[in-house]
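Note sheet for the following structure.
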Amino acid sequence: MTAQAHEENGTGSDYAATHLNGHYSEAEAEQPMLDKVQPPCYAQIIGWGYEVPDRVVTNHDLEQVVDTQDEWIRTRTGIQERRVVAVSEETTASLGTQAARKALEVADLHPARVDLVICATSSPEHFFPATASIIQDNLGLINAGAFDLSAACSGFVYALSVARAQILAGDAEYVLVVGSETLSRWVDWTDRTTCVLFGDGAGAVLLAASDVPGGVTASVLGSDGSGAELLTIPAGGSAAPASLETVSSGSHYIQMDGRAVFRFATRIMADATRQVLDKAGVPVSEVDLVVPHQANKRIIQHSVLRQLKIPEDKVYVNVHKYGNTSTASIPIALCEAIEEGKVAPGDNLVFVGFGAGLTWGACAVKWSVPIEQPESTWWKNTQRQATYQAAAARSMWKRAIRRIYSQVEPRAMARRPVRRPEEEQPTP
Ligand code: ACO
């Protein structure tokens with residue numbers, strides 16, 4: 001949707017007006033293509049938010065479930081506890097919706113202005129529809145396209161790169177990037193080699209087109225499918241459709257060669273960080289904060305800390321609180337880093353991740369927007385509530401209409417007289 005169309009819809013945002021002015025005016029849009037001097041365009045992160053389930057599962061809780069010890073988990077992974085969904089209403093879409101909603105609130109942007117929502121997830125709500133479409137409906141993103149992105153734990157970085165490309169190509173003005181997971185529903189809680197590692201949660205950022213230099217300035221994406229079997233959910237897809245046998249053998253759960261993944265991860269996290277900084281033209285010494293995928297504290301230590309010699313205070317780690325939340329880990333860590341005052345305008349950030357596939361990715365970010373969040377007034381909150389209630393009502397109304405059609409249409413079809421071919425009128 002163009003800026004003009006948004007304005008006609010009365011969906012302006014104070015924040016967007018203040019910080020973003022990289023859109024074409026109507027007069028510019030009417031100029032012939034060759035005369036049009038395009039303003040430089042950047043993809044800025046203007047909103048962020050995260051959501052984790054309330055239920056905390058500590059290492060000591062896991063000692064009651066599998067043959068493991070708090071000390072083993074802490075020393076081998078750095079994890080102390082993780083969040084786990086507790087009720088059936090808590091799903092990948094519900095967590096993603098809450099995180100995305102917070103990102104919209106930080107940016108003070110009306111949901112109707114979002115052009116695209118990408119949900120990176122390894123634990124989607126369904127094979128289809130996309131979890132992104134459910135989030136789109138939940139939030140009333142009535143002008144947005146929506147799709148899921150599957151690149152395992154690298155998914156958030158991949159999605160950020162795609163979102164940036166959409167903005168730089170001029171195809172989207174506002175893109176929501178969500179990483180959301182309920183991996184606790186995909187782990188075998190009797191397998192100590194995997195169940196201690198993962199947790200649930202969601203994080204989101206809102207990207208906006210801007211003429212303010214900075215934002216997501218470079219990205220590096222990679223894959224090596226020869227390592228596909230090192231980390232996989234073997235069954236449930238077209239290679240091994242769900243059957244009594246796949247379920248009884250537990251092949252619909254995560255299976256992993258931990259040591260091999262560890263070796264790959266330590267090498268690739270350092271390489272990808274180096275490459276993306278080269279692309280962005282930022283020396284390692286000028287990095288202010290690395291936000292790595294939070295899979296294992298030792299992987300972070302052996303990669304960005306030791307190989308790139310980036311000091312500990314410039315690498316954000318919160319794996320002890322949440323475990324590996326896959327696509328959600330980087331945006332959750334970014335949000336907490338912001339809350340703790342570790343991100344400021346002018347900072348050079350790197351997001352770097354790895355995952356099943358095997359895949360890896362990194363994004364360089366020049367943080368360019370203020371961290372202060374808009375004041376939350378009673379009136380603003382009421383307006384937001386009304387917007388989300390209207391979205392819920394709209395969704396219910398559309399479902400109801402479809403139900404009525406599905407009842408009425410077959411009867412109407414049955415009553416419609418069948419014409420013989422000779423009765424058909426010739427088309428003019
Ligand atoms: N508690 C106690 N002992 C355990 C546990 C546990 N939870 N898990 C394994 N062990 C035992 C093993 O059985 C083994 O015993 P053995 O020597 O008698 O055979 C011993 O501990 C050592 O096992 P290793 O696998 O060598 O342990 P390691 O130090 O490599 O740590 C770990 C294992 C934590 C899994 C590590 O290899 C790792 O973090 N790998 C990367 C995993 C990862 O990041 N995966 C996510 C990728 S992102 C995505 O796409 C989802």
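Couple of notes before you dig in:
- Candidate set from the range 215-240 (those that are closer than 30 Å to residue 67 by Cβ and touching a helix residue (DSSP H, G or I) at 6+ places or on another chain (Cβ under 9 Å)); member that is nearest to the ligand (Cβ to nearest atom): 231
- Whichever residue in the range 298-328 is within 11 Å of the ligand (Cβ to nearest atom) and under 17 Å from residue 264 (Cβ atoms) and, among such residues, is nearest to the chain's Cα centre (by Cα): 326
- Of the residues making up the range 110-129, those that are under 18 Å from residue 181 (Cα atoms) and in a loop (DSSP other than H, G, I, E, B) are 121, 122, 123, 124, 125, 126, 127, 128, 129.
- Members of the range 309-357 found to be in contact (Cβ under 8 Å) with a residue 60 or more places away in the chain and of a type in the set (Phe, Trp, Tyr), listed by number: 322, 351, 354
- Picking from residues in the range 130-155 that are assigned to a loop (DSSP other than H, G, I, E, B) and within 16 Å of the ligand (Cβ to nearest atom), the one that is surrounded by the most Cβ atoms within 10 Å (Cβ to Cβ) is 151.
- Matching entry among 261, 291 (being in contact with a helix residue (DSSP H, G or I) (Cβ under 6 Å, 6 or more places away or on another chain), more than 15 Å from the ligand (Cβ to nearest atom), under 22 Å from residue 123 (Cβ atoms) and in the same structural domain as residue 164 (by TED's automatic domain parsing)): 291
- Tallying residues that are within 13 Å of the ligand (Cβ to nearest atom) and either over 16 Å from residue 321 (Cβ atoms) or part of a loop (DSSP other than H, G, I, E, B) (or both) within the range 183-214 yields 13.
The values are calculated or read from the model by the stated rules, or taken from the named source; none is laboratory data. For clarity, every value in this text was computed on a predicted model and none was experimentally measured. Glycine also receives a Cβ, built like all others from the backbone with ideal geometry; neighbour counts cover every protein chain displayed.
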